[in-house]
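Remarks on the structure that follows.
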Amino acid sequence: MSKAHVPAELRRQIRKDAGHRCGYCRASERITATELEVDHILPESVGGPTARENLWLVCIRCNQFKGSKTRATDPQTDEVVPLFNPRTQAWVEHFVWSEDGTKIVGHTACGRATIEALRLNRELAVLARRRWVSVGWHPPSD
């Protein structure tokens, strides 16, 4: 199945909606100098529409790890829960930054499961965040 075309104007709206940051790891395309991708929150493969309410901006790695997943296991409770939805849920209700600003900590089942499934604290991401923290670019204040 080929990916649906997302018109340029809709892409612009999604970028603005997301504040030019990945909806999951919060990496900014302005810091990474890498254009982020438009992701189908409910994947096309399971009937997710190419409509603004089902689209969000994500980094390439988060998008790859997410794939067609919509649910994951909370490592604390072993409960299978829906992944975090950056379009309809507030990031700060499910995640916080570690004291040093380099790791994402989940404080809900949804947050913890999303961190594990999308590998939000993968080694290279943590290393990059450490450098961003050192120059005052991270963690994001919004």
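The values are calculated or read from the model by the stated rules, or taken from the named source; none is laboratory data. Only a predicted model underlies this, so the values are computations on that prediction, with no experimental measurement involved. With ideal geometry, Cβ positions are generated from the backbone for all residues, glycine too; neighbour counts draw on all protein chains shown.
Consider residue 105 against the criteria (1) in contact with a strand residue (DSSP E or B) (Cβ under 8 Å, 6 or more places away or on another chain); (2) in contact (Cβ under 8 Å) with a residue 12 or more places away in the chain: it satisfies all of them except one. Which criterion is unmet?
For residue 105, the failing item is (2).
Out of 27, 33, which single residue is under 26 Å from residue 123 (Cβ atoms) and under 12 Å from the mean Cα position of the chain (by Cα)? Give the steps one after another, and end with the answer.
Numbers: 33 fails: under 12 Å from the mean Cα position of the chain (by Cα).
Of the residues listed, the single one that is under 26 Å from residue 123 (Cβ atoms) and under 12 Å from the mean Cα position of the chain (by Cα) is 27.
Just for segment 16-45: of the residues that are part of a helix (DSSP H, G or I) and either in contact with a strand residue (DSSP E or B) (Cβ under 6 Å, 6 or more places away or on another chain) or among the hydroxyl-bearing types (Ser, Thr, Tyr) (or both), which one is nearest to residue 95 (Cα to Cα)?
Once the filter is applied, the top-ranked residue is 18.
One residue is enough: does segment 71-80 have a residue meeting the conditions surrounded by fewer than 17 Cβ atoms within 10 Å (Cβ to Cβ), part of a loop (DSSP other than H, G, I, E, B) and among the β-branched types (Val, Ile, Thr)? Show your work before the answer.
Taking segment 71-80 and keeping what is surrounded by fewer than 17 Cβ atoms within 10 Å (Cβ to Cβ), we get 71, 73, 75-80.
Filter once more, keeping what is part of a loop (DSSP other than H, G, I, E, B): 75-79.
Pick out the ones that are also among the β-branched types (Val, Ile, Thr) and you get 77.
Yes.
List pairs: first residue in segment 80-97 and at pLDDT 95 or above, second residue assigned to a loop (DSSP other than H, G, I, E, B) and of a type in the set (A, V, I, L, M, F, W, C) anywhere in the structure, Cβ distance under 8 angstrom, at least six positions apart or on different chains.
Between residues of segment 80-97 that are at pLDDT 95 or above and residues that are assigned to a loop (DSSP other than H, G, I, E, B) and of a type in the set (A, V, I, L, M, F, W, C), the close pairs are 85/41; 86/41; 87/41; 91/84; 94/84; 95/84.
Tell me yes or no: at least one residue of segment 55-67 is in a loop (DSSP other than H, G, I, E, B) and surrounded by fewer than 17 Cβ atoms within 10 Å (Cβ to Cβ).
Start the filter on segment 55-67 by keeping residues that are in a loop (DSSP other than H, G, I, E, B), which leaves 59, 67.
Adding the requirement that they be surrounded by fewer than 17 Cβ atoms within 10 Å (Cβ to Cβ) leaves 67.
Looking through segment 55-67, at least one residue is in a loop (DSSP other than H, G, I, E, B) and surrounded by fewer than 17 Cβ atoms within 10 Å (Cβ to Cβ).
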